[in-house]
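A short worksheet on the structure shown next.
The values are calculated or read from the model by the stated rules, or taken from the named source; none is laboratory data. These numbers come from a predicted model, not from an experiment. So basically every Cβ, Gly included, is an ideal-geometry build from the backbone, and we count neighbours across all protein chains shown. Just the protein is used for accessible areas: all its heavy atoms, side chains included, with ligands, DNA and RNA removed. Shrake-Rupley method; radii C 1.70, N 1.55, O 1.52, S 1.80 Å.
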Amino acid sequence: MISIMDSIAGAIASIKAEIGPKVTLVAVSKTKPEKAILEAYHAGHLNFGENRVQELVEKYESLPKDICWHFIGHVQTNKIKYIAPFVHLIHGVDREKVLDAINKEGNKIKRVIPCLLQVHIAQEESKFGFSELELMDLVQQKGDAWPFVSIQGLMGMATFTDDTQQVASEFKGLQQLFDKVYDLAVYPNFKTLSIGMSGDYPIALACGSNMIRVGTHIFGVR
Ligand SMILES: *Cc1c(COP(=O)(O)O)cnc(C)c1O
């Protein structure tokens, strides 16, 4: 007999029970078939995350239109136009050039596009994001220079390690940075701290996360 915990809907229900109503669960469906997304959707789940523009556009076109699509991949400026009309939140805004490009696409279609600024908190050089200094400079000097971008918070990825202390200290650093930016009150909708994935979301929750991005624990290994 297959227990409910082995199903996609069951996994989502148990994570939601664990995180409570104040934390948003983004079910990361990258590489997974539409049928898997529909199973979650029919159980009432609406927030999904994808990291490739083409895959996201294909899924957007064929799946129900009330799904909230999160783009969690590295943003290429020349591809923003494909997701600008419908994307619910872009998590990986990691350089000013990307803000310029999103603003330009938003202006064309007169849509203010919700974004998170990605901060580099991990030790791996391969990960993307603003440094703390760059971020504070941007917020204080450029402020709201992008009228078609709604900066709604910060996103980060911890180092891939078993050292939970290190992961916690990286997340806590980002939480402090979040509070600093919040206190500057530059962005009226600054409210989202997107940290935590399958391997580290309990630590992220303890560090103030209010949006977790979970793939493997819901859909199985990729
Ligand atoms: C793939 C991915 C996730 C989900 O990772 P899991 O370990 O499968 O939960 C979360 N965030 C980003 C940015 C990703 O690329």
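Please compute the per residue accessible area over the range 79-207 with all protein chains in place, 1.4 Å probe, rounded to a whole number of Å².
Spelled out: the 1.4 Å probe surface of the range 79-207, per residue, equals 48 Å².
The trypsin sites (Lys or Arg not before Pro) of the range 95-201 that meet both conditions, a loop assignment by DSSP and at most 13 other Cβ atoms within 10 Å of the site Cβ, are Lys110, Lys191.
Helix by helix through the chain, keep the DSSP H runs that span 24 Å or more along the axis on Cα and average at least -1.0 on Kyte-Doolittle, and give those back in order. Counting only whole DSSP H runs, the qualifying helices are 164-184. Evaluated with a Cβ-only charge set (Lys, Arg +1; Asp, Glu -1), the chain carries a dipole of roughly 740 debye about its Cα centre, given to the nearest 20. The largest accessible area among Lys79, Lys32 belongs to the first residue in Lys79, Lys32, and the rest follow in falling order (1.4 Å probe, all chains).
Of the GluC sites (Glu not before Pro) found in the range 74-181, the ones in coil according to DSSP and having at most 12 other Cβ atoms within 10 Å of their Cβ are Glu124, Glu125. Here r is the Cβ-Cβ distance between Glu134 and Gln76 and R0 is 22 Å; the resulting FRET efficiency, rounded to 0.05, is 0.65.
Over every Cα atom in the chain, the radius of gyration and the widest Cα-Cα span, Dmax, amount to 17.0, 60 Å.
Positive end of the dipole of the range 17-112 (Cβ unit charges, origin at the Cα centre): among Gly106, Pro21, Ile67, the Cα lying farthest that way belongs to Gly106.
Here the contact order of the range 92-215, divided by its residue count and restricted to Cα pairs under 8 Å and six or more residues apart, works out to 23 percent. How large a share of the accessible area of the chain, in percent, is made up of carbon and sulfur atoms when the probe is 1.4 Å and the other protein chains stay in place? Carbon plus sulfur share of accessible area: 53 percent. Ordered by solvent-accessible area of protein heavy atoms (1.4 Å probe), largest first, the residues Phe160, Phe130, Phe148 come out as Phe160, Phe148, Phe130. All Cα-Cα distances of the range 4-130, cut into 5 Å bins from zero to the largest, leave 2, 10, 19, 20, 18, 15, 11, 4, 1, 0 percent in each bin in turn.
Calculated from DSSP H runs of 4 or more alone, at -39500 (n - 2.57) each and per residue, what is the 222 nm mean residue ellipticity of the chain, nearest 500?
Rounded to the nearest 500, it is -11000 deg cm²/dmol.
For the range 116-222, the extents of the C-alpha atoms along the principal axes are 40, 25, 25 Å, listed from largest to smallest.
Once you reduce the range 190-219 and the range 1-76 to the center of their Cα atoms, the two points are 14 Å from each other. Taking all Cα-Cα distances within the range 146-207, those exceeding 13 Å account for 61%.
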